[in-house]
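Worksheet for the structure shown next.
The values are calculated or read from the model by the stated rules, or taken from the named source; none is laboratory data. Predicted model, so just to flag it, every value in this text is computed and none were measured. Here the Cβ positions follow ideal geometry from the backbone for every residue, glycine too, while neighbour counts run over all protein chains shown.
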There are 4 protein chains.
Amino acid sequence: MKEKIKAGIIGGSGFTGIELIKILDGHKYVEIAFAASRTYKNLKVSKIFPSYKDKGNKKLSFIEKPTAEDLGKIDVMFLCLPPLESMEFLKNISGRNKFRIIDLGSDFRLKNPEDYKYWYGTEHILKNRLSGFVYGLTEVNKKKIKESSYIANPGCYPVSVLLGLAPILKNNVKIEDIYIDSKSGVSGAGRKLNKEYLFSNIDNNFYAYSTTGHRHTGEIEQEIENMAKKKIKVSFTPHLMPMERGIFTSIYCRMGKLTEEDAAGGKIFKIFENFYKEMPFVSFTGNKIPKLKDVLGTNMCMIGISQDIRTHTLKIFSVIDNLLKGAAGQAVQNMNIMLGFDEEEGLKFNGMF
Amino acid sequence: MKEKIKAGIIGGSGFTGIELIKILDGHKYVEIAFAASRTYKNLKVSKIFPSYKDKGNKKLSFIEKPTAEDLGKIDVMFLCLPPLESMEFLKNISGRNKFRIIDLGSDFRLKNPEDYKYWYGTEHILKNRLSGFVYGLTEVNKKKIKESSYIANPGCYPVSVLLGLAPILKNNVKIEDIYIDSKSGVSGAGRKLNKEYLFSNIDNNFYAYSTTGHRHTGEIEQEIENMAKKKIKVSFTPHLMPMERGIFTSIYCRMGKLTEEDAAGGKIFKIFENFYKEMPFVSFTGNKIPKLKDVLGTNMCMIGISQDIRTHTLKIFSVIDNLLKGAAGQAVQNMNIMLGFDEEEGLKFNGMF
Amino acid sequence: MKEKIKAGIIGGSGFTGIELIKILDGHKYVEIAFAASRTYKNLKVSKIFPSYKDKGNKKLSFIEKPTAEDLGKIDVMFLCLPPLESMEFLKNISGRNKFRIIDLGSDFRLKNPEDYKYWYGTEHILKNRLSGFVYGLTEVNKKKIKESSYIANPGCYPVSVLLGLAPILKNNVKIEDIYIDSKSGVSGAGRKLNKEYLFSNIDNNFYAYSTTGHRHTGEIEQEIENMAKKKIKVSFTPHLMPMERGIFTSIYCRMGKLTEEDAAGGKIFKIFENFYKEMPFVSFTGNKIPKLKDVLGTNMCMIGISQDIRTHTLKIFSVIDNLLKGAAGQAVQNMNIMLGFDEEEGLKFNGMF
Amino acid sequence: MKEKIKAGIIGGSGFTGIELIKILDGHKYVEIAFAASRTYKNLKVSKIFPSYKDKGNKKLSFIEKPTAEDLGKIDVMFLCLPPLESMEFLKNISGRNKFRIIDLGSDFRLKNPEDYKYWYGTEHILKNRLSGFVYGLTEVNKKKIKESSYIANPGCYPVSVLLGLAPILKNNVKIEDIYIDSKSGVSGAGRKLNKEYLFSNIDNNFYAYSTTGHRHTGEIEQEIENMAKKKIKVSFTPHLMPMERGIFTSIYCRMGKLTEEDAAGGKIFKIFENFYKEMPFVSFTGNKIPKLKDVLGTNMCMIGISQDIRTHTLKIFSVIDNLLKGAAGQAVQNMNIMLGFDEEEGLKFNGMF
């Protein structure tokens, strides 16, 4: 490969944006054409994120926003914007752009504009483009991603939930009810200056939030329907942990019947094993439940299961780094697939711990 | 009141024991006759726990074990021993003791010896005394506790679970399924020297354990049956948080039907409110979900609920300090009731945060 | 004692104010007449601080500010206000008030208006009242406190530093140089909404600040001069720890000469022992260096020393809970002495850990 | 370059060993021939460290110890062993080995056997090989490292201290006294199963240790002498922080005289700037004091200074990741220089935060 692909980043100064910059910086076939941030325009990235190490002589600085010329040069654009802003941004740039788009925000995940309105409380302003975006849950939609030009990267909670459920839903295992209890580090909420996220409110604390309906529920139910070919409503409850990064999701599925044989590693066990055996970024750990620390700083999702035959409950536990497999890491994984690179390129880093 | 009640403590050097010593030390009507600890015999309590402040001139030291004479002098004995050791201890001291007993261990909680064998994997060695111990969930069994001489203090997880469920079970609200997801600080595991509890294994980590059947499940189901007058099996899953203290329990109940009216604060809301309105140590916070930090360092249990009418799920969230309301605090609360003191005596301290 | 002393609190909703409310609430001889807070006026204290447990039927609510009638009823006023606001407040209320004042802020600590201007960058507006306030470092100024009506409660860092140095300064031990390295939890900075105090900026982090001259240096040097009867300039450097509470101070003193005899527990050792042997809230631990956790949640200061004869350095380590011995606890200790109560009344609580 | 260099690792299962494995795994010109660990022999590395991601089809497993044949094949050996064990190991393998050695342990750092005996309390058993090992403080000894075959990699504290002092010592700036206050995360103590390192003893805690003479003092004074060409004794005090990784070192130097001009960025400022301007892994941040988090997960050392003209104190603050620049990262940096690779190869990773 002679020339590197050129990438533009919009909203580069949030937690997700900086992770994306760090990953792309280490990617063999990509160079960052620009990173835009209103807040930090004209400042060097390494000034805002001192742990970011500029490579070589080229110092990366944030621009305020890309010009038409900037946009003309890039091959792929990553959007790291808050709800409502991705569609606003795309509406404002002229339609004749040739670059591919990976949206890490939430605007193009829900395909039904009614669902969008229900969960986000407002009308979608680019309804006709919704169907053009493939839901970027890599391990499930790899084929579609390969053929697409526009990706709606999944929310962090849905990644942990849907990867946990995919093997049984795609294999028609019958589930009667699904209860999901997710726990997230505080970086999931972004870098907002909010009294709630002060150190003294988070340290030595733990709590549930959005208990009557978190927005990610819509995304989870849409994809469950796509996988199971039927509607299943799920009870989803997010919690905040006194940690910076990571999501630990516990999924409780009421099954018709679970036997001792199942528990000892029968059918369900094999379904998971087969489903993920060729996937470089999902590791099924059997009945050894993964720990959150095992994936922090990596693009891995680890999944373990328990089968409680007393109550006929299948318990699925999944862990991810919310900023990597739950956001920037999976975005690059999707880009790799879309552009024909090795799926693991740029993502082979080990965890910190 | 002329003379103070005399209390003996067996197993005083664990997390629970030291909390008990600290509480009794500030109790108007109690004095500590002895605190026994094999590990720290003959050492001053303030040497082992520097944050413990000896009162006046009397310096409290641990003894190895009480003599018959020691036992003859006390009015109440607190047992803070690991599984199997409380019954061993009681078997070894002669039966003719006049003191009351509050067992903070797990040996006398399950009333059916078969259940004991199932959950603890061994025969109970004092089966005939099981029925003599009242299950010390104060808010539910207050009347029985008042009339008893022997209390089996509940496990920490069961306290958080059963106080959350009691109002609806005692009021015959129909529940179809119960999924319990509990999160505990690491002090719940005691002061064991175990690689798993090293700082580097807990910090920045989170995980589930005993996922196919934690022992506390037996206790939870026994008391659910006592309250609901029918057997209900529950799926219970404990998790470990990177914190020292506290339990946050999320309970998901599948209800036949929940209406908008329910969600807005209908019947169920009032049931909780009424159930706890006279209880000094349980606070129902309505649909404002309590945070764990609100109860750390106190004897309070705080409970909030959410009603998700999309999935007909009643969500109950309850928080306690595992060492206080989940252990030593409730033990003293039970003692107060048993001995006719003010229920709040010695327990009026505020939280640290 | 028939009637309780009445206390008023101004600025009750900061970290210090709420600690003060909690302590006074458990004080035998004091009742809170009012707690004023502009931010939370008319809100119940237990609503803002859920871990605060209202006593009995009386629910304490914040008022906006006290009326003249309110002021007429109190016996003692606690000021918990930011720099410049205590003097502003006292200037605005008429001078004919009979109550005593304990100022937990910084306005009346420095006695020389020039020093005040140097360290706070502005003119003092009540210069004539400066000398009326006794510097409330209890263990050093107990006699003066007993006879005074106005107390300037010391800053949190100075408490940890000055209690560490007092024994040798008051005993004329010759010191050539003093280097002070203090580490504080984040509550020392108050409850400000500042990007710097977000969880993600503090967790897993550690740093120095105000490295060329923290305001507390002025207070430290003033009191060193009062104790040593000569001027000694000190190098003082504060650091921020990823914790909510507590101060750990390391003091390095260059001594003319230290011998093996000194190190083994000679003269200096005895000086410390004697100085603090009658003090209920300072504990000298010899050459066993105290740990911060030992004092969290208590009004204790613990001090340990090391004597490095290789470099003739006396190392003094002192730990306090910055909100208790470093603020609200010592304020109540001073009130007890000023009003003739038992010095320990209301302050006998044990640590949380 | 046709063939990759082959590296052997002895003691691969400690914190340092696993970091080394992760770095070498991403190194273009190195492959790991074996990693030896008595504790985990025959177990896969990814089983012990789940965050380690095996590359390609080759799964790395720990061997118990290398055979003569294993030793015959390697080009470089990394020793990650506790005190006394490196020299024991080297004594036991035959002398005719052609590979280079980088010892991350402490056995070959002190050049004078008397110093070794003083600080380690025992005779050195390979005295004649001491002078053959170059002290691997890369930025100071780069030239010697290039020409050597044996490297004694510095201790973690000394790295942070000596890089902070090197610019002024090598430029003959006159210093009268040096006081060093270092704070380390708990991984510095290794993975020992010790009650002291339990989560409940470290969390919410902070303390000093080895206050009368930490072993690293010997190493620090030896290298100060090498740089300053004269003996200077330093007072060094290590502290433990409630964190897993990182070292924050505060150095206080008493200077003859500091002027306003100095403080504003005069001579000393320029000395630091010049000294490190060509060094890829040390960043001088002027009078902006670096935060620990800025370097966690990187091989960087960041250094900031403050000049307090009131007390004529030069304050130097330096931060490193103790397991990277303080151990495994610098070891690979030294290997790169010794073997003629690009100094940054394998070390360009960004921080986690």
**OP:** Hey, can you tell me all the residues within region A:328-353 that are within 14 Å of another protein chain (Cβ to nearest Cβ) and more than 18 Å from the chain's Cα centre (by Cα)?
**Re:** A:D342, A:N350, A:M352, A:F353
Subject >> Selection within region A:284-320 - away from chain D (no Cβ under 14 Å), β-branched (V, I, T), in contact with a strand residue (DSSP E or B) (Cβ under 8 Å, 6 or more places away or on another chain) and outside any strand (DSSP E or B) >> reply: A:T311
Subject >> Matching residues in region B:91-108 - criterion: being among the β-branched types (V, I, T) and surrounded by 20 or more Cβ atoms within 10 Å (Cβ to Cβ) >> reply: B:I101, B:I102
**OP:** With the condition kept exactly as written, say whether any residue in region C:298-313 is more than 16 Å from the chain's Cα centre (by Cα), among the polar types (S, T, N, Q) and surrounded by fewer than 24 Cβ atoms within 10 Å (Cβ to Cβ).
**Re:** yes
Original post:
Does region D:212-230 hold any residues that are closer than 20 Å to D:Y120 by Cβ and surrounded by fewer than 17 Cβ atoms within 10 Å (Cβ to Cβ), and which are they?
Top reply: D:T212, D:E225, D:N226
Original post:
Looking at C:G164, is it surrounded by fewer than 23 Cβ atoms within 10 Å (Cβ to Cβ), under 21 Å from the mean Cα position of the chain (by Cα) and within 13 Å of chain D (Cβ to nearest Cβ)?
Top reply: no
Original post:
Given the residues D:I63, D:I18, D:I74, D:I23, which is the only one that is out of contact with any Ser or Thr (no Cβ under 7 Å at 6 or more places or on another chain), over 30 Å from B:N205 (Cβ atoms) and either of a type in the set (V, I, T) or at pLDDT below 95 (or both)?
Top reply: D:I74
Subject >> Residue, surrounded by the fewest Cβ atoms within 10 Å (Cβ to Cβ), within region A:259-283, restricted to residues that are in contact (Cβ under 8 Å) with a residue 40 or more places away in the chain and in contact with a strand residue (DSSP E or B) (Cβ under 7 Å, 6 or more places away or on another chain) >> reply: A:D262
Original post:
Given the residues A:A189, A:A166, which is the only one that is at pLDDT below 95 and in the same structural domain as A:V282 (by TED's automatic domain parsing)?
Top reply: A:A189
Original post:
Just one of D:K59, D:K73, D:K65, D:K98 is closer than 23 Å to A:P290 by Cβ and over 24 Å from the mean Cα position of the chain (by Cα); which is it?
Top reply: D:K59
Subject >> Any helices (runs of 4 or more DSSP H) falling wholly within region A:27-100 and containing at least 3 residues that are among the aliphatic types (A, V, I, L, M) >> reply: none
**OP:** Could you look through region D:314-327, keep only residues that are within 28 Å of D:I271 (Cβ to Cβ) and among the hydrophobic types (A, V, I, L, M, F, W, C), and pick out the one that is farthest from the chain's Cα centre (by Cα)?
**Re:** D:L314
**OP:** Could you grab me the full set of residues in region C:147-162 that are in a helix (DSSP H, G or I) and in contact (Cβ under 8 Å) with a residue 40 or more places away in the chain?
**Re:** C:C156, C:Y157, C:P158, C:V159, C:S160, C:V161, C:L162
Subject >> One residue from C:E19, C:E88, C:E64 being surrounded by 14 or more Cβ atoms within 10 Å (Cβ to Cβ), among the charged types (D, E, K, R) and touching a residue at least 12 places away in the same chain (Cβ under 8 Å) >> reply: C:E19
Original post:
Would region B:163-174 turn up any residue that is hydrophobic (A, V, I, L, M, F, W, C), over 20 Å from B:F281 (Cα atoms) and without any contact (Cβ under 8 Å) to a residue 12 or more places away in the chain?
Top reply: no
Original post:
Any idea how many residues of region D:315-339 are out of contact with any helix residue (DSSP H, G or I) (no Cβ under 8 Å at 6 or more places or on another chain) and touching a residue at least 40 places away in the same chain (Cβ under 8 Å)?
Top reply: 3
**OP:** Could you list, in sequence order, all residues of region C:101-111 that are part of a loop (DSSP other than H, G, I, E, B) and in contact with a Leu (Cβ under 8 Å, 6 or more places away or on another chain)?
**Re:** C:L104, C:G105, C:D107, C:F108, C:L110, C:K111
Subject >> Every residue from region B:171-194 that is in contact with a strand residue (DSSP E or B) (Cβ under 6 Å, 6 or more places away or on another chain) and either of a type in the set (S, T, Y) or buried (at least 23 other Cβ atoms within 10 Å of the Cβ) (or both) >> reply: B:I178, B:Y179, B:I180, B:D181, B:S182, B:K183, B:S184
**OP:** Only one of these is at pLDDT 95 or above and among the charged types (D, E, K, R): D:K267, D:K277, D:K257, D:K291. Name it.
**Re:** D:K291
Original post:
Out of region A:294-333, which residues are modelled with pLDDT of 95 or more and of a type in the set (K, R)?
Top reply: A:K315, A:K325
Original post:
Looking at region B:135-146, is at least one residue at pLDDT below 95 and not in a strand (DSSP E or B)?
Top reply: no
Original post:
Going by the conditions given, is C:K22 among the charged types (D, E, K, R) and either out of contact with any Lys or Arg (no Cβ under 8 Å at 6 or more places or on another chain) or in a loop (DSSP other than H, G, I, E, B) (or both)?
Top reply: yes
Subject >> Where C:I271 falls short, out of the listed (1) away from chain B (no Cβ under 14 Å); (2) not in a helix (DSSP H, G or I) >> reply: (2)
Subject >> Criterion violated by B:K73 - all others in (1) under 26 Å from B:N299 (Cα atoms); (2) in contact (Cβ under 8 Å) with a residue 60 or more places away in the chain satisfied >> reply: (1)
**OP:** Scan A:Y209, A:Y197 and give me the residue that is surrounded by fewer than 23 Cβ atoms within 10 Å (Cβ to Cβ), free of Cβ contacts under 8 Å to residues at least 12 places away in the same chain, on the phi < 0 side of the Ramachandran plot and not assigned by TED's automatic domain parsing to the domain that holds A:Y118.
**Re:** A:Y197
**OP:** Mind listing whichever residues of region C:34-48 are among the small types (G, A, S) and surrounded by 21 or more Cβ atoms within 10 Å (Cβ to Cβ)?
**Re:** C:A35, C:A36, C:S37
